[in-house]
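Novice: One structure follows; several queries about it will come next.
The values are calculated or read from the model by the stated rules, or taken from the named source; none is laboratory data. None of these values were measured; they are calculated from a predicted model. FYI the Cβ positions are ideal-geometry reconstructions off the backbone, even for glycines, and counts take in every protein chain you see.
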Amino acid sequence: METEAKFTFDEMWEKILDCDRKYDGLFFTCVKTTKIYCRPSCRSRKPKKRNVEFCFSIEEAERHGFRACKRCQPEIEKSPYVEFTQQVVDFLTGHYQQKIGLDEVAAYVGMSPSYVDRLFKQETGETPRSYLEKIRIDKAAYLLASTSLTNLEICLETGFQSTSHFYKVFRQQKRQSPGEYRKEKGERRNG
Ligand SMILES: [Zn+2]
């Protein structure tokens, strides 16, 4: 299954700065100067932005002459459920703009909803629902910082069904409101 680019360069760059494990397997960081490729969560020293390119499969990285990082070992599948987890993550990141629930995820991977919930939690520490909300909030944060879309537009763009729910989840995850977040990011950018 080919994963298409669902994130901009800057989004992926921010995720690797955060060593965000949620995105492991979705894309790989290729460092042009060292010819090494890494998982997004790799804890090695971060390369310079201009030396980085991203690819979406191990095959693609190796085809371009990159070798796997010894530290994060992106080429090693660490669990027999890697493929399952990957499928669920692909589905969630591909459909976060729509109204989706556990039933849709379960149908996609061909398992029962309760089993999907349990197995995904075991593998990632998140339920599909909480994972989906994190993807949505990451996306919303990115849009707040980099576009002039209104809160309502961003709420709809990121698949939230109501602004009150959007505000609530945003505050839970970012400890501030969307407006505060945008203001802070804007000040940092301009100052
Ligand atoms: Zn690495």
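For every residue, the table says whether it meets (1) over 30 Å from VAL31 (Cβ atoms); (2) among the small types (Gly, Ala, Ser); (3) crowded, with 16+ Cβ neighbours inside 10 Å; (4) modelled with pLDDT under 95.
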position	(1), (2), (3), (4)
ARG71	no, no, no, yes
PHE91	no, no, yes, no
GLY125	no, yes, no, yes
GLU133	yes, no, yes, no
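Novice: So, in the range 38-54, of the ones that are in a loop (DSSP other than H, G, I, E, B) and charged (D, E, K, R), which residue ends up nearest to the ligand (Cβ to nearest atom)?
Specialist: ARG39
Novice: From the list LYS78, LYS32, exactly one residue is of a type outside the set (Asp, Glu), within 16 Å of the ligand (Cβ to nearest atom) and modelled with pLDDT under 90. Which is it?
Specialist: None of the other options fit; the residue is LYS78.
Novice: Moving on. Out of all the residues in the range 31-41, which are within 13 Å of GLU62 (Cα to Cα) and crowded, with 23+ Cβ neighbours inside 10 Å?
Specialist: TYR37, CYS38
Novice: Residues GLU104, GLU62: which one is within 16 Å of the ligand (Cβ to nearest atom), outside the structural domain of GLN161 (by TED's automatic domain parsing), surrounded by 13 or more Cβ atoms within 10 Å (Cβ to Cβ) and not small (Gly, Ala, Ser)?
Specialist: Result: GLU62 is the single residue among GLU104, GLU62 that is within 16 Å of the ligand (Cβ to nearest atom), outside the structural domain of GLN161 (by TED's automatic domain parsing), surrounded by 13 or more Cβ atoms within 10 Å (Cβ to Cβ) and not small (Gly, Ala, Ser).
Novice: While we're on this one: Just to be sure before I move on: is GLU14 away from the ligand (no atom under 14 Å from the Cβ) and either in the same structural domain as ALA141 (by TED's automatic domain parsing) or in a helix (DSSP H, G or I) (or both) in the structure I sent?
Specialist: yes
Novice: If I ask for residues that are buried (at least 20 other Cβ atoms within 10 Å of the Cβ) and over 18 Å from TYR81 (Cα atoms), which ones from the range 15-26 would you list?
Specialist: Listed by number, the residues that qualify are LYS15, ILE16.
Novice: Of the conditions (1) part of a loop (DSSP other than H, G, I, E, B); (2) touching a residue at least 12 places away in the same chain (Cβ under 8 Å), GLU77 clears all except one; give me its number.
Specialist: Failed condition: (2).
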